[in-house]
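For reference, the structure discussed in these notes is given below.
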Amino acid sequence: MPIVVKDLHYTYNAGTPWAVPALRGVSLTVGDGEFVGLVGPIGSGKSTLVQHLNGLLTPPPETVWVDGIDVGAYGVPRQVIRQRVGLVFQYPEHQLFAETVWADVAFGPRNMGLPAAEVAERVREALALVGLDADAYGDRSPFALSGGEQRRVALAGILAMRPRYLILDEPTAGLDPAGRRELLTLLLRLNRERGVAVVLVTHHLEDVAELSQKVVVMDQGRVALQGPLEQVLGAGQRAALKALGLEAPVAAQLVDELNRRGWRLPPHLVRAQDVVAAIAAVARTRAGDGGHVQ
Ligand SMILES: Nc1ncnc2c1ncn2[C@@H]1O[C@H](COP(=O)(O)OP(=O)(O)OP(=O)(O)O)[C@@H](O)[C@H]1O
Ligand SMILES: [Mg+2]
């Protein structure tokens with residue numbers, strides 16, 4: 001079952017002189033097990049949108065459905081939605097609060113009313129997923145950890161609820177390249193191996209190109225473009241992306257440049273590995289012809 005958003009509007013400080021329309025009729029679907037990249041310029045409404053998907057901001061009735069549940073309907077407990085839709089903020093470590101790592105990660109599953117043995121199993125599993133050993137870290141204070149470790153603990157706290165959907169709002173901000181790679185690899189594993197649907201909000205179109213099947217581009221509170229990766233970031237939409245101040249991934253720009261020089265690479269390629277393979281194939285043909293590559 002998907003997450004479905006239909007004509008969602010939201011205005012901050014509505015009815016006051018400080019009213020800011022942030023969402024102006026957003027419609028989209030996040031399919032079961034899909035990996036969706038959500039991009040768009042600063043202030044385009046990405047964070048406001050994702051906060052409606054797990055009930056952190058309450059949508060009006062009949063605008064957001066999670067697995068068929070109308071999130072904004074009267075009487076739907078937030079908890080029910082949050083167990084299904086895990087939301088990881090930009091600096092998730094700011095949400096840590098408990099005295100020990102164990103208690104922090106156990107908070108969600110305990111709140112779900114699960115038996116102690118299952119809570120323990122989930123805490124161990126979630127910590128292992130983020131690369132932390134429960135025995136080594138369980139008793140430590142989350143506040144006495146490094147920034148990277150804190151972020152892992154915060155993510156483990158969400159994973160311990162085993163959400164069907166995982167939404168991350170710029171989760172790699174402030175991480176070093178190794179930390180970034182690790183986090184993105186984890187997201188890919190959760191998606192491919194466990195079927196968790198992922199919505200990744202990011203300004204890094206490279207990451208989107210490497211990971212996503214589907215891309216949603218927001219602009220001024222609306223969905224400007226939405227579709228399969230190669231359709232949205234491929235050659236056909238370059239001008240539209242540029243108009244929004246978004247640069248296509250470097251690999252896609254390389255395809256444009258080489259094609260301008262007479263290569264005939266498939267113009268829709270956006271993933272680095274696909275571009276490398278296509279270049280290698282053309283280079284082999286040219287070498288076979290006795291010609292040389294420019
Ligand atoms: N708490 C708030 N009060 C008032 N206006 C807000 C608030 N949060 C966001 N806005 C406004 O709502 C609009 C959408 O903001 P939002 O944070 O959703 O954008 P974003 O796409 O996540 O941007 P960024 O890429 O900078 O994170 C912007 O015009 C922003 O100024
Ligand atoms: Mg944001």
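The values are calculated or read from the model by the stated rules, or taken from the named source; none is laboratory data. Here the structure is a predicted model, which means the values were calculated and not measured. A quick note on method: Cβ atoms are made from the backbone with ideal geometry, for glycine too, and the neighbour counts reach across all protein chains shown. The area values use the complete protein model at the heavy-atom level, side chains included, leaving out ligands, DNA and RNA. Shrake-Rupley method; radii C 1.70, N 1.55, O 1.52, S 1.80 Å.
Points worth noting:
- One equal scatterer on each Cα of region 181-294, no solvent, Debye formula: the resulting log10 I(q)/I(0) at q = 0.10, 0.11, 0.16, 0.17 Å⁻¹ is -0.36, -0.43, -0.80, -0.87.
- Working ranking of peptides 250-258, 68-76 by packing, defined as the average number of other Cβ atoms within 10 Å per residue, highest first, is 250-258, 68-76.
- Of all lysines in the structure, the ones whose alpha carbon falls short of 25 Å from that of LYS242, not counting any fewer than 8 places away in one chain, are LYS46, LYS214.
- Across every pair of non-identical alpha carbons in region 157-222, the mean reciprocal distance, once inverted, gives a Kirkwood radius of 12.8 Å.
- Computed from backbone phi, the HN-Hα couplings of region 37-46 come to x, 10, 10, x, x, 3, x, 7, x, 4 Hz, rounded to whole numbers (Karplus: 6.51 cos²θ - 1.76 cosθ + 1.60, θ = phi - 60°; Gly and Pro given as x).
- Percentage relative contact order, the chain, counting C-alpha pairs under 8 Å, at least six apart: 21
- For region 3-247, the solvent-accessible area with a 1.4 angstrom probe is 44 square angstrom per residue.
- From phi via Karplus (6.51, -1.76, 1.60), per-residue ³J(HN,Hα) for region 130-140 in Hz, x at Gly/Pro: 8, x, 10, 7, 4, 6, 7, 9, x, 8, 7
- Ranked by the mean number of other Cβ atoms within 10 Å per residue, highest first, peptides 156-162, 61-67 order as 156-162, 61-67.
- Estimated from helices alone, the mean residue ellipticity of the chain at 222 nm is -12000 deg cm²/dmol (sum of -39500 (n - 2.57) over DSSP H runs with n ≥ 4, per residue).
- Listed peptides 3-9, 277-283 appear in the order 3-9, 277-283 once ranked by packing, highest mean of other Cβ atoms within 10 Å at the front.
- Net charge of the neighbourhood of LEU183, taken over other residues with C-beta under 9 Å away and scored Lys/Arg +1, Asp/Glu -1, is +3.
- Rounded percent of accessible protein surface that carbon and sulfur make up, region 109-160, 1.4 Å probe: 49
- Computed from the Cα positions only, the extents of region 249-294 along the three principal axes stand at 32, 19, 13 Å, in decreasing order.
- Value of relative contact order over region 125-210, rounded to a whole percent, pairs C-alpha under 8 Å and six or more apart: 30
- DSSP assigns beta bridges within the chain; of those with both partners inside it, close to 55 percent run antiparallel.
- Only alpha carbons enter this Debye calculation for the chain, each as an equal point scatterer, and the log10 of I(q)/I(0) it gives at q = 0.07 Å⁻¹ is -0.31.
- The phi torsions of region 6-21, fed into the Karplus equation with coefficients 6.51, -1.76 and 1.60 and a -60° offset, translate into couplings of 10, 6, 7, 10, 8, 10, 5, 6, 4, x, 10, x, 9, 4, 10, x Hz, rounded to whole numbers, with Gly and Pro shown as x.
- Carbon and sulfur %, accessible surface of region 249-294 computed with the full protein complex present, 1.4 Å: 57
- Nonlocal amide H pairs with ASP219, under 5 Å, H built at 1.01 Å: ALA224
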